[in-house]
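Enquirer: My questions will all concern the structure given below.
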Amino acid sequence: MIIQSTRVWIEEQWLAAQIEVEGQKIKGVYPYNTKIVDVNYGDNRIYPGFIDTHCHGAGCFDTNDAVEDGLKAWLKIAVQEGVTSLCPTTITQGEEVLTEALKNVAKVAAEKTEGAQIVGIHFEGPYLCTKYKGAQPEQFIVKPNLEQFKRYEAASNNLIKIMTMAVENDEDYQMIRYASLRGVAINIGHSAANYSESLFAIANGANGFTHTFNGMSPFNHREPGTVGAALRIGTAYTELITDGIHVSWPAVNVLFNAKGKDNVVMITDALQAKGVGEGRYIFGGQTIDIRSNGGAYLADTNNLAGSTLRFNTSIRNVIELAGVNEVSAINASTINPARVLKLDHVKGRIRANYDADIVVLDRDYNVLETYVLGKSAYKKSNIS
């Protein structure tokens, strides 16, 4: 199959090009009109598939539900947003609930399912702090326990690729060193760590920050806190929820300017309420209100609990509302998360021998078609 457009995102720029797909891979990339094409997208834009490394659910399914059909349905929803790869994300709960959730994700990931591809699990909790717990149930928050984590690893079939931690509670950095040595990306998040504690966590193997600005000690000019460490440490990547609710557009711009084009990872942090509209829902045993602005709040409070953000909307937001340049915004959705997951040799770029994960957007950032491993997984009904 050969597809083409006058605007294909190749090596951080738009080119008129065609892409040849063979099986699950990109066989080659050629100048526009070089070969006879199967699909010509005109001036619609072809991007590498988007990668969401922090997302809890959609369509009334949550990762912690451990329902096989629910997870499969979510994967079909994700491709409607241009997401070709994702990491189902847990929320703090007891060991029995988390174990079943991990087993369910591992089971579905091992199958050939329709929709987005599961490329890992983001283990968010239970090793968090109570001060910045957000919507995480406090009664299940515990200090890092290495032997317990090994049980979680086994339940997940070693699919845990990212873990959010309150690093200040990790005695002698045992968990950080163990997990990072096993290839798990350690994020500082839901953490009261000060600036110094954050730096020493990075020095011992942590390498990122979860939903930056949210669920962490704030920046102050005398004690920069976790936020200050996220801004200062150039090599650490920073997750960012770009719905305009969790973080203001000027702050989004500040973070991108501080981190450059290679170290921001855009996430949705979306809940199971995504796609089902306003109302009251149960998330991780907590009651959540979805309001007219799309924000998710702990019931009867103004405390944020996640988002209902669509990934293609987040791209538009960052470029059109936050004033971030296209290179940084697109990298934050493609190659940067691929790098976090150590998949940047096969995902995150339109390049020969990479996975044929491709998304086509119109000029208004609407998804026209999504390909996962060379197969059309979603197509807008009114395009030919």
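Enquirer: Can you tell me which residues in the stretch 325-384 are among the acidic types (Asp, Glu), surrounded by fewer than 16 Cβ atoms within 10 Å (Cβ to Cβ) and more than 23 Å from residue 242 (Cα to Cα)?
Expert: Result: no residue meets the conditions.
Enquirer: Only one of 66, 78 is of a type outside the set (Lys, Arg) and under 20 Å from residue 374 (Cα atoms). Can you tell me which?
Expert: Numbers: 66 fails: under 20 Å from residue 374 (Cα atoms).
Only one candidate passes the filter, namely 78.
Enquirer: Please enumerate the residues belonging to the stretch 180-214 that are within 15 Å of residue 133 (Cβ to Cβ), in a loop (DSSP other than H, G, I, E, B) and of a type outside the set (Ser, Thr, Tyr).
Expert: First, the residues of the stretch 180-214 that are within 15 Å of residue 133 (Cβ to Cβ): 188-193, 210-211, 214.
When the remaining residues are screened for being in a loop (DSSP other than H, G, I, E, B), the result is 189-190, 192-193, 210-211, 214.
If the condition is that a residue be within 15 Å of residue 133 (Cβ to Cβ), in a loop (DSSP other than H, G, I, E, B) and of a type outside the set (Ser, Thr, Tyr), then 189, 190, 192, 193, 211, 214 are the ones that fit.
Enquirer: Considering only the stretch 2-26, state which residues are hydrophobic (A, V, I, L, M, F, W, C) and surrounded by 21 or more Cβ atoms within 10 Å (Cβ to Cβ). So that I can check it myself, show each step before the final result.
Expert: Initial filter on the stretch 2-26 (hydrophobic (A, V, I, L, M, F, W, C)): 2-3, 8-10, 14-17, 19, 21, 26.
Selection gives 3, 8, 9, 17, 19, 26.
Enquirer: Output the number of residues of the stretch 186-201 satisfying the condition of being within 20 Å of residue 91 (Cα to Cα), touching a Phe, Trp or Tyr at 6+ places or on another chain (Cβ under 8 Å) and either at pLDDT below 95 or buried (at least 24 other Cβ atoms within 10 Å of the Cβ) (or both).
Expert: Of the residues in the stretch 186-201, 5 are within 20 Å of residue 91 (Cα to Cα), touching a Phe, Trp or Tyr at 6+ places or on another chain (Cβ under 8 Å) and either at pLDDT below 95 or buried (at least 24 other Cβ atoms within 10 Å of the Cβ) (or both).
Enquirer: Identify the residue in the stretch 210-224 that is farther than 19 Å from residue 305 by Cβ and in contact (Cβ under 8 Å) with a residue 12 or more places away in the chain and, among all such residues, is surrounded by the fewest Cβ atoms within 10 Å (Cβ to Cβ).
Expert: 223
Enquirer: Go over the candidates 153, 114, 147 one by one and state the one that is part of a helix (DSSP H, G or I) and surrounded by fewer than 16 Cβ atoms within 10 Å (Cβ to Cβ). Before the answer, list the steps.
Expert: On the way: 153 fails: surrounded by fewer than 16 Cβ atoms within 10 Å (Cβ to Cβ); 114 fails: part of a helix (DSSP H, G or I).
The unique qualifying residue is 147.
Enquirer: Please return the ranges of strands (runs of 3 or more DSSP E) entirely within the stretch 11-75 where 1 or more residues are in contact with a helix residue (DSSP H, G or I) (Cβ under 7 Å, 6 or more places away or on another chain).
Expert: Numbers: elements: 14-22, 25-31, 45-48, 50-55.
It comes to 45-48, 50-55.
Enquirer: What's the total number of residues in the stretch 215-272 that are of a type in the set (S, T, N, Q), more than 14 Å from residue 317 (Cβ to Cβ) and in a loop (DSSP other than H, G, I, E, B)?
Expert: Narrowing the stretch 215-272 to residues of a type in the set (S, T, N, Q): 217, 220, 226, 235, 238, 242, 248, 253, 257, 263, 268, 272.
Restricting the remaining residues to those that are more than 14 Å from residue 317 (Cβ to Cβ) gives 217, 220, 226, 235, 238, 257, 263, 272.
Narrowing further to those that are in a loop (DSSP other than H, G, I, E, B): 217, 220, 235, 263, 272.
Qualifying residue count for the region: 5.
Enquirer: Being touching a residue at least 60 places away in the same chain (Cβ under 8 Å) and part of a loop (DSSP other than H, G, I, E, B) is the filter here; which residues of the stretch 326-349 pass it?
Expert: Answer for the stretch 326-349, where residues must be touching a residue at least 60 places away in the same chain (Cβ under 8 Å) and part of a loop (DSSP other than H, G, I, E, B): 332, 333, 334, 341, 342, 343, 347, 348, 349.
Enquirer: Being closer than 19 Å to residue 86 by Cβ and either not in a loop (DSSP other than H, G, I, E, B) or not assigned by TED's automatic domain parsing to the domain that holds residue 261 (or both) is the filter here, so list the residues in the stretch 295-315 that pass it. Give the steps one after another, and end with the answer.
Expert: Filtering the stretch 295-315 down to residues closer than 19 Å to residue 86 by Cβ leaves 296, 306-315.
296, 306, 307, 311, 312, 313, 314, 315, listed by residue number.
Residue-wise test of (1) of a type in the set (Gly, Ala, Ser); (2) more than 19 Å from residue 188 (Cβ to Cβ).
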| position | (1), (2) |
| --- | --- |
| 211 | no, no |
| 223 | no, no |
| 228 | yes, no |
| 231 | no, no |
| 235 | no, no |
| 253 | no, yes |
| 270 | yes, yes |
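Enquirer: Looking at the stretch 165-179 only, could you name the residues that are touching a residue at least 24 places away in the same chain (Cβ under 8 Å) and either part of a loop (DSSP other than H, G, I, E, B) or not β-branched (Val, Ile, Thr) (or both)? Let's see the steps before the verdict.
Expert: Step one: of the stretch 165-179, the residues touching a residue at least 24 places away in the same chain (Cβ under 8 Å) are 165-171, 173-179.
165, 166, 168, 169, 170, 171, 173, 174, 175, 177, 178, 179, listed by residue number.
Enquirer: Answer yes if at least one residue in the stretch 302-323 is exposed (fewer than 15 other Cβ atoms within 10 Å of the Cβ), within 26 Å of residue 210 (Cα to Cα) and of a type in the set (Val, Ile, Thr), and no otherwise. Steps first, answer last, please.
Expert: First, the residues of the stretch 302-323 that are exposed (fewer than 15 other Cβ atoms within 10 Å of the Cβ): 302-303, 320-321, 323.
Those left that are additionally within 26 Å of residue 210 (Cα to Cα): 302-303, 320-321, 323.
From what's left, of a type in the set (Val, Ile, Thr): none.
No: the stretch 302-323 contains no residue that is exposed (fewer than 15 other Cβ atoms within 10 Å of the Cβ), within 26 Å of residue 210 (Cα to Cα) and of a type in the set (Val, Ile, Thr).
Enquirer: Sticking with this one: Going through the stretch 276-293 one residue at a time, which ones are modelled with pLDDT of 85 or more and assigned to a loop (DSSP other than H, G, I, E, B)?
Expert: Scanning the stretch 276-293 gives 278, 291, 292, 293.
Enquirer: A further question on this structure: Filter the stretch 117-144 for residues that are assigned to a loop (DSSP other than H, G, I, E, B) and more than 20 Å from the chain's Cα centre (by Cα) and give the result. Break it down stepwise before answering.
Expert: Applying the first criterion (assigned to a loop (DSSP other than H, G, I, E, B)) to the stretch 117-144 yields 119-120, 125-137, 141-144.
If the condition is that a residue be assigned to a loop (DSSP other than H, G, I, E, B) and more than 20 Å from the chain's Cα centre (by Cα), then 129, 130, 131, 132, 137, 141, 142, 143, 144 are the ones that fit.
The values are calculated or read from the model by the stated rules, or taken from the named source; none is laboratory data. Every value quoted in this text rests on a predicted model; they were computed, and no experiment measured them. Note that we place each Cβ from the backbone using ideal geometry, even for glycine, and neighbour counts take in every protein chain shown.
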